[in-house]
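The values are calculated or read from the model by the stated rules, or taken from the named source; none is laboratory data. Please read these numbers as outputs of a predicted model, since none were measured by experiment. A quick note on method: Cβ atoms are made from the backbone with ideal geometry, for glycine too, and the neighbour counts reach across all protein chains shown.
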Amino acid sequence: MTPIFAIIFLIFSQFPASIDSIQCWNCVGIDCDTYRSSSKNWELVTCQEGSVCQKTDYKFYSNQKNQSIDIHTVRSCSYETGCTWDRSKSCTKNPVEYAGRGCVDRFCCGRDKCNSGNRLIGLSIALLVIFLV
């Protein structure tokens, strides 16, 4: 198997083959960065058909503190709007936008409970194994 084929397969395997309902973590609040069983904000929900799970981190640059500040993480279903994997790298390079309205870092996935935590660990390990073989 060529590495490019393996990468394409891994990317497409992140999304469901059908439009069945999936379960996603829903969390809106100050403690949604990592799962806490004691938190009342974390809730496992069944999404509408065709939805995917998403995790969105909001951050901005504080000129006053001269540092980047992560302000909130939100986890939810995508519903009608869909989910666009949006990396904030280009936004963080624009000082006016970064210090103004801030930047969004969004991750989309199509498996049950896939928006729970460290999203790229499984994908990174799989890619490492493929390149070592």
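Condition test on residue 50, is it within 25 Å of residue 21 (Cα to Cα) and at pLDDT below 85?
Answer is no for this residue.
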Filtering region 61-83 down to residues that are at pLDDT 80 or above, within 21 Å of residue 47 (Cα to Cα) and out of contact with any Asp or Glu (no Cβ under 9 Å at 6 or more places or on another chain) yields 75, 76, 77, 78, 83
*Looking only at region 66-77, decide whether some residue is of a type in the set (S, T, N, Q), more than 18 Å from residue 23 (Cα to Cα) and over 20 Å from the mean Cα position of the chain (by Cα).*
yes
Being surrounded by 17 or more Cβ atoms within 10 Å (Cβ to Cβ), modelled with pLDDT of 80 or more, of a type in the set (A, V, I, L, M, F, W, C) and under 18 Å from residue 85 (Cα atoms) narrows 24, 32 down to just 24
